[in-house]
Structure formats: structure tokens, C-alpha cells
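Working notes, beginning with the structure itself.
The values are calculated or read from the model by the stated rules, or taken from the named source; none is laboratory data. Only a predicted model underlies this, so the values are computations on that prediction, with no experimental measurement involved. Using ideal geometry, Cβ is built from the backbone for each residue, glycine included, and neighbour counts are taken over all protein chains shown.
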Amino acid sequence: MPLIVLMRYVVAAGDEAAFHERAREALDALRCQPGCSQGHLGRSMDEPEHWVLHTQWESVGAYRRALSSYDVKVRAVRVLSEALDEPTTFEALVEAGPHGLLDAVSDLAPDAATAAPRQHRAR
């Protein structure tokens with residue numbers, strides 16, 4: 001199942017055109033990376049200051065490698081860093097297609113929400 005990356009933005013009145021161009025450039029840089037299957041830049045119909053940048057990746061590894069690419073660092077990181085400070089990456093657990101629903105098993109470890117790096121004890 002794919003990895004979904006959803007970044008939300010609040011864009012001040014008057015900054016829409018500049019943000020649109022920066023986000024469009026970022027989306028172009030991301031879509032050119034191996035493993036990116038699609039992406040969208042959207043704006044809320046109800047609250048026009050709210051925008052979203054959505055990309056879909058074949059795997060978390062493909063997404064992480066894309067973030068390391070020189071082109072993404074130059075063309076996209078500025079916009080990515082402007083996103084609201086909230087979770088942005090999601091694993092797809094159910095996919096809806098023309099033939100119905102397809103379920104996937106989560107890649108998260110069972111203790112992912114509670115496990116922490118090991119603490120070293122002083123001797």
C-alpha cells in the first residue's frame with residue numbers, strides 16, 4: 001500500500017499567488033522523484049486561506065529518498081517547511097478502487113506508540 005503525505009497550510013490574504021507558484025514548484029520537484037505516483041495542490045472551497053499539498057509514494061523509503069534529493073532540497077524544502085506543524089505522513093490501510101476495497105496490514109510495530117530509544121545507565 002502506498003504512503004500518503006498530506007501537508008496543510010494557512011496562507012494569508014494577498015499571498016495566494018506567490019504561495020501557489022512556490023507550492024507548484026515544490027510539487028513538480030516531488031513528482032519527478034522515483035516512487036512518487038501522484039500529487040495535488042488544493043485550496044479549501046469553504047475557507048480559501050487553507051491549502052493542502054498531497055503526494056502519494058510507493059513506500060516510505062521512496063519518500064525519504066526523495067527528501068534527500070538535491071532538486072527537492074532546492075525547489076521544495078522551503079514550501080514543505082511552511083506546512084502546519086502536525087503529522088504529515090500516513091500509511092494507506094484501505095484502498096478503494098474500481099473492483100472494491102483492498103485492505104493492507106500496517107507496517108507500524110505493535111509498540112510504536114509507546115516504545116522509546118533505549119536509555120543508557122550510568123555505571
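Six or more apart or on different chains, Cβ atoms under 8 Å: show the pairs whose first residue is in the stretch 10-26 and surrounded by 10 or more Cβ atoms within 10 Å (Cβ to Cβ) and whose second is aromatic (Phe, Trp, Tyr).
Final answer for the pair search is VAL10/TRP51; VAL11/PHE19; VAL11/TRP51; PHE19/TYR9; PHE19/TRP51; ALA23/TYR9; ALA23/TRP51.
Output the residues belonging to the stretch 42-79 that are aliphatic (A, V, I, L, M) and crowded, with 18+ Cβ neighbours inside 10 Å.
Selection gives LEU53, ALA66, VAL72, ALA76, VAL79.
Between residues in the stretch 100-123 that are surrounded by 10 or more Cβ atoms within 10 Å (Cβ to Cβ) and modelled with pLDDT of 80 or more and residues that are of a type outside the set (S, T, N, Q) and in a loop (DSSP other than H, G, I, E, B), which pairs lie under 8 Å by C-beta distance while being six or more apart or on different chains?
LEU102/MET1; ALA104/MET1; ALA104/ALA92; ALA104/LEU93; SER106/LEU93
State which residue is surrounded by the most Cβ atoms within 10 Å (Cβ to Cβ) when the search covers only the stretch 27-41 and only residues that are of a type in the set (A, V, I, L, M, F, W, C) and within 19 Å of LEU84 (Cα to Cα).
Looking only at the stretch 27-41, we keep the residues that are of a type in the set (A, V, I, L, M, F, W, C), and these are 27, 29-30, 32, 36, 41.
Restricting the remaining residues to those that are within 19 Å of LEU84 (Cα to Cα) gives 27, 30, 41.
On the way: LEU27: 20, LEU30: 24, LEU41: 18.
Within the stretch 27-41, the match that is surrounded by the most Cβ atoms within 10 Å (Cβ to Cβ) is LEU30.
Can you name the residue in the stretch 89-99 that is without any contact (Cβ under 8 Å) to a residue 12 or more places away in the chain and part of a strand (DSSP E or B) and, of all such residues, is nearest to the chain's Cα centre (by Cα)? Break it down into steps so the answer makes sense when it comes.
Restricting attention to the stretch 89-99, the residues satisfying the condition of being without any contact (Cβ under 8 Å) to a residue 12 or more places away in the chain are 94, 96-99.
With the extra rule that they be part of a strand (DSSP E or B), the set shrinks to 94, 96-97.
Numbers: VAL94: 18, ALA96: 20, GLY97: 21 Å.
Applying the filter and picking the extreme gives VAL94.
Name the pairs: first residue in the stretch 47-69 and more than 22 Å from ALA92 (Cβ to Cβ), second residue among the polar types (S, T, N, Q) and buried (at least 16 other Cβ atoms within 10 Å of the Cβ), Cβ to Cβ under 8 Å, at least 6 apart or on different chains?
SER69/GLN33
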